[in-house]
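The values are calculated or read from the model by the stated rules, or taken from the named source; none is laboratory data. Since we're looking at a predicted model, the values are computed, not measured. All Cβ positions, glycine included, derive from the backbone under ideal geometry; neighbour counts span all protein chains shown.
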Amino acid sequence: MSNPFRNDFPLLNSTFHDKPLVYLDNAATSQKPESVIKAMENYYRNQNANPYRGLYQLSVEATDAYEEARNITAEFIHAESPREIIFTRNTTEALNLIAYSYGRPVLKAGDEIVLSISEHHSNIIPWQQAAKEKGAVLSYIYLDKNGNIPEEEIENKITEHTKIVTIAHVSNVLGTIQPIEKMIQKAHSVGAVVIVDAAQGIPHYPVDVKKWDVDFLVFSGHKMLAPMGIGVLYGKEALLNNMPPFFTGGEMIEYVYEQEATFAPLPNKFEAGTPNVGGAVGLAEAIKYINQAGYDNIQKIEEELTDYALKELAEIPEVTLYGETIGSKNRCGVISFNVEGVHPHDTASILDADGIAIRAGHHCAQPLMKYMDVPATCRISLYLYNTKEDIDIFIRSLKKVRRWLGDGN
Ligand code: ALA
C-alpha cells in the first residue's frame, strides 16, 4: 500500500549518506512538508519585517501574517478567541511560563501539584522549582503495567489539597493516551486548574479545548510538521488576564515610566521581544496540511503501522516491549523497547549505520525510567508518512543487533 503523504516530504525522498532515510524519531521532531518549507521561504522572500513596530506596508504585512497564524491556531484547537493563543518557542517555554506566572502566585505551603510519573522533564522541573519556592509538593500519579493511569489513582491523588494538575495527553516514552477528560473533571470538582501537555498528542489527535474545558494547553510546532522555535500556549482568557508577564521588554507594554510599567492586553503581554513570525507562518501552513490530510487518515495509517511494528517486534525473542499491547486503542505509534544484553545506545548506532533514525536513552523522563526500573530504552515513533517498508527495514536491521552484540549468540 503506497503512502499518500510521503512524496510531500523532501527529506524522506532523498538519499541520506547513500541510503534511503528510514525516519522513526517523530516524537523528537517531525519532518516538514514542501508546503511548510515554501510558506516560510515565501515569508522571508516577500514579507519579512518586524511586526507591530513599523508603520510601513511591509511591517503591516508581517503583522497580518503573524496574526493570521494566531487565528488559524485558535480555530485549530477550538479556542474561544485568538487572544487565548500565546506564541512561545516550544512546549518547554510554555510550561515554564505557566509555572512562573500562574503557579507561583497561586501556590501556598502544603498545596499539591498533581502530575504523572511519565511526565517529560519539561513538565516536572518547572513545578519542582515553583514548589520549592512556595513550600508546595509534587504528588505523582503512578501507572499500571501497561503505562495507563488507573482510575483509583485519579480519585486518590486529586484531592482538596490539589491546586494544579499537569498531565501529558500522550506519553513520549510509552505512547499511552491518558484519560485527560476524566482528570479535568476530577480536578475541576476540587477547584484545581489543569494543564495539558499536548506536544505528543496534537500531531496525531484533534484537540478541542472548549469541549475538554481545559484551563491551559501547550504544544510545539516542530513535532507537528512545523519548524522548530515556535510553540503554543493556550490559556483561558480570564486566567491569562490575571497572570503577571513572564518575559518582559519590548512590545509587551502599554506605558513605561521610570520606575513602573503597565502591560499590553492579551496576547502581547506574554510575547516580549521580536516574535518568530516565520515560524508562526510555518505553523499555520502545517495546521492547513494536517487539516487537509485529516486526523482520521493520519490515525488509520499510524494504527496499522503501530500494530504491525508491535507484532514484528514481539516475534523477536530478545526484545522486551514497554507499554500497551497490540490492538490497544489506548496507545499511539511511540514504541519503547530494549534488546536483551545490548545497550540502547549501541542498538541505535547499529540501526543508524543502516540509515534508520531512532531515539535511545532516558527520553527526558528519568522518573519514569526509574519507575520502570530500566536505565534507558530504544524508541521508535511513527508519523503519517511512515510505511510498512520502513518497519521492515528497521526490523531486519534490529535482528542484526542481537547477532552482533547480544550475549550468548
Ligand atoms: N521531547 C522530545 C522527545 O521525546 C524531544 O524525543
Which condition breaks for V374 when tested against (1) at pLDDT below 95; (2) among the hydrophobic types (A, V, I, L, M, F, W, C); (3) surrounded by fewer than 19 Cβ atoms within 10 Å (Cβ to Cβ)? (1)
State all residues of the range 101-146 that are within 16 Å of the ligand (Cβ to nearest atom) and either touching an Asp or Glu at 6+ places or on another chain (Cβ under 6 Å) or not hydrophobic (A, V, I, L, M, F, W, C) (or both); if no residue qualifies, say none. S116, S118, E119, H120, H121, S122, N123, P126
If you check I98 against the conditions, is it in contact with a Gly (Cβ under 8 Å, 6 or more places away or on another chain), assigned by TED's automatic domain parsing to the domain that holds G201, at pLDDT 95 or above and more than 16 Å from the ligand (Cβ to nearest atom)? yes
Just wondering, is there one or more residues in the range 156-176 that are more than 29 Å from Y322 (Cα to Cα), buried (at least 23 other Cβ atoms within 10 Å of the Cβ), under 23 Å from the mean Cα position of the chain (by Cα) and not assigned by TED's automatic domain parsing to the domain that holds E302? no
Tally the residues that are within 20 Å of Q299 (Cα to Cα), touching a residue at least 60 places away in the same chain (Cβ under 8 Å) and of a type in the set (A, V, I, L, M), restricting the search to the range 160-197. 4
Out of everything in the range 198-224 that is of a type in the set (A, V, I, L, M, F, W, C) and over 12 Å from the mean Cα position of the chain (by Cα), what residue ends up being nearest to R53 (Cα to Cα)? F216
What is the one condition in (1) touching a Lys or Arg at 6+ places or on another chain (Cβ under 7 Å); (2) among the acidic types (D, E); (3) assigned by TED's automatic domain parsing to the domain that holds S118 that E271 does not satisfy? (1)
Here are the criteria: (1) in a loop (DSSP other than H, G, I, E, B); (2) farther than 27 Å from A226 by Cβ; (3) within 16 Å of the ligand (Cβ to nearest atom); (4) not charged (D, E, K, R). Tell me which single one H345 does not satisfy. (1)
Pairs please, first residue from the range 199-212 and more than 16 Å from the ligand (Cβ to nearest atom), second anywhere and among the aliphatic types (A, V, I, L, M) and part of a helix (DSSP H, G or I), Cβ atoms under 6 Å, 6+ apart in sequence or on different chains. W212/I184
Would you confirm whether or not the range 36-55 contains a residue that is within 16 Å of the ligand (Cβ to nearest atom) and out of contact with any Ser or Thr (no Cβ under 7 Å at 6 or more places or on another chain)? no
